[in-house]
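Shown next, in structure tokens, is the structure this report addresses.
The values are calculated or read from the model by the stated rules, or taken from the named source; none is laboratory data. The model shown is predicted, which means the values in this text are computed figures rather than measured ones. With ideal geometry, Cβ positions are generated from the backbone for all residues, glycine too; neighbour counts draw on all protein chains shown.
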């Protein structure tokens, strides 16, 4: 049971923090259970969420507060080192079931949903902040009929509305919307937290409100849970930050995660002020974290990271006048082309000129 009147549902996000070692993934799940997490979350993708190219769109630039481990690498290279091998996932689900901890996943494209339904049978699905505009993926997830947790991240109010309407109109009625800070900082993001969005999105859209934190520290997540009404909380989890990896610097180690859970549970028992005092969080800091109701990027770093959203790409060379088909275009990261919601609309249209592979499909390239 998740929602008002229930304890905060706390999720340990494993991401690529297993360093592609199966035994490490197993240990992460065991340690998440010991730390008091209600659930662990995987990510289900392959490097093919992008194109294997080093054209300008596909190389990570040093912008915002991006981890140094990302900079100057192609997206393909980055995802190749971070994805969770699919053959592990049924075994990890079995382990989680045996341990009594919920396991679910974030699919990044439609075929990942097919795989999860057939091989893993997760009880719910997560939609990542970047995929909140991937309407075909949302339709696929919703049609499973299972609950969905969606990070709204830097989505505009209109994009949040469209995403939630898509889920509902395709059969998903149990929805959690997670306010999400997507700056990937090595320190808490007090200035751009805007935790008032948690209650606003819940009241405005009739969903359960929660929080996903992609920054270091436990302070903001604790404030979100004990003061801002987050019914679901997601935080990255790693065995040891010194092991490195794409998400290491903003992930929690087991002792930190356990302490965070303990503080949240104490807050639920009426010890809110004692919990905030223990973390040296003043009422002024709480108010700063609450911020304002703000949808869309809240900082230059979030604005820069929007570019990693998926869009429509030409994946094979196309001649002028040639039809766009499932063979020569697809949805992939990053977001330099038309949004995924236009995919069905451009299928069967003709190219207005010759187009190289790994070119974003923009409106001027689509003829009648």
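A few points about this structure:
- All positions within segment 93-139 that are over 20 Å from the mean Cα position of the chain (by Cα) and assigned to a helix (DSSP H, G or I): 94, 95, 96, 97, 98, 99, 118, 119
- Verdict on residue 233 being within 18 Å of the chain's Cα centre (by Cα), more than 15 Å from residue 128 (Cβ to Cβ) and assigned by TED's automatic domain parsing to the domain that holds residue 180: yes
- Flag if residue 181 is touching a strand residue (DSSP E or B) at 6+ places or on another chain (Cβ under 8 Å), modelled with pLDDT of 95 or more and under 23 Å from residue 43 (Cα atoms): no
- The requirement of being without any contact (Cβ under 8 Å) to a residue 12 or more places away in the chain, outside any loop (DSSP other than H, G, I, E, B) and more than 29 Å from residue 359 (Cα to Cα) is fulfilled somewhere in segment 22-36, by at least one residue.
- Which numbered condition residue 295 misses (of (1) crowded, with 22+ Cβ neighbours inside 10 Å; (2) touching a helix residue (DSSP H, G or I) at 6+ places or on another chain (Cβ under 8 Å)): (1)
- Some residue of segment 257-277 being more than 19 Å from the chain's Cα centre (by Cα), buried (at least 21 other Cβ atoms within 10 Å of the Cβ), assigned to a strand (DSSP E or B) and in contact (Cβ under 8 Å) with a residue 24 or more places away in the chain: no
- Within segment 247-256, if we keep just the residues that are part of a helix (DSSP H, G or I) and modelled with pLDDT under 95, the residue that is surrounded by the fewest Cβ atoms within 10 Å (Cβ to Cβ) turns out to be 249.
- Candidate set from segment 278-292 (those that are surrounded by fewer than 15 Cβ atoms within 10 Å (Cβ to Cβ) and part of a loop (DSSP other than H, G, I, E, B)); member that is nearest to the chain's Cα centre (by Cα): 292
- Single unsatisfied condition, residue 161 versus (1) free of Cβ contacts under 8 Å to residues at least 60 places away in the same chain; (2) in contact with a helix residue (DSSP H, G or I) (Cβ under 8 Å, 6 or more places away or on another chain); (3) within 21 Å of residue 197 (Cα to Cα); (4) outside any helix (DSSP H, G or I): (4)
- Lone unmet requirement of (1) surrounded by fewer than 16 Cβ atoms within 10 Å (Cβ to Cβ); (2) assigned by TED's automatic domain parsing to the domain that holds residue 252; (3) in contact (Cβ under 8 Å) with a residue 60 or more places away in the chain for residue 3: (2)
- In this structure, residue 199 does satisfy being in a helix (DSSP H, G or I) and either touching a residue at least 12 places away in the same chain (Cβ under 8 Å) or surrounded by fewer than 22 Cβ atoms within 10 Å (Cβ to Cβ) (or both).
- Residue in segment 340-352 that is modelled with pLDDT of 95 or more, within 24 Å of residue 152 (Cβ to Cβ) and within 20 Å of the chain's Cα centre (by Cα) present: yes
- Exclusive hit being in contact (Cβ under 8 Å) with a residue 40 or more places away in the chain and either in contact with a helix residue (DSSP H, G or I) (Cβ under 7 Å, 6 or more places away or on another chain) or crowded, with 19+ Cβ neighbours inside 10 Å (or both), set 81, 183, 144: 183
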